[in-house]
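Engineer: Shown below is the structure under consideration.
Coordinate-derived values only; no laboratory data. Since the model is a prediction, treat every value here as computed from it, not as a measurement. As a convention, Cβ positions derive from the backbone with ideal geometry for all residues, glycine included, and neighbour counts pool all protein chains shown.
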Amino acid sequence: NALTGQPVAVTSAVAGTTTDPVYKAMELLPIGPVVFIDTAGLDDTGDALGQLRVEKTRAIMRKCHLALIVAEAASGLGAFETELIAQLQERQIPCIGVLSKCDQGMPNAQERALIQQRLNNIPLVYTSTTRGTGIDTLKQQIIASTASLTAAD
């Protein structure tokens, strides 16, 4: 929602809130028209419904041009996210790590360096929608990460 500047997806502290992919078309200059897709988390495997959400998310992964891997800053990006990034990189899909809710706790400098190393040095952006920080940085990183893509992509 913060990235698009509009309340397009229902958000909640409760896991499993996002069920179906939520599409939002917008203009991101200088790129031009883009479509952001908010998906359910890939760690949503608790039941049959959770598995359906994961399958829909994996289908989106197969057709995306850039992936934002989002996790709360307090819990960080761990082994699950590292494996996901490796899968995306195998498909040559650029990734950006996003640590959200930075107002609720941030990794220290040493932890941030370890996270960066573990994530194969993909770009890492820290955000807080409560404070309104990091969203412009994230947009700039999206622009930088898509610079090598062509209009045909």
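Engineer: Per-residue counts of other Cβ atoms within 10 Å, averaged by peptide: what ranking do you get for 31-41, 102-112, highest first?
Structural biologist: Answer by packing, highest mean first, reads 31-41, 102-112.
Engineer: Evaluate the relative contact order of segment 67-147 (contact order divided by residue number), counting alpha-carbon pairs under 8 angstrom at least 6 apart; express in whole percent.
Structural biologist: The value is 31 percent.
Engineer: Scan around Thr133 for amide H atoms under 5 Å from its own, H built in the peptide plane at 1.01 Å from N, and keep only partners 5 or more places away or cross-chain.
Structural biologist: Placed amide hydrogens put Ser128 under 5 Å from Thr133.
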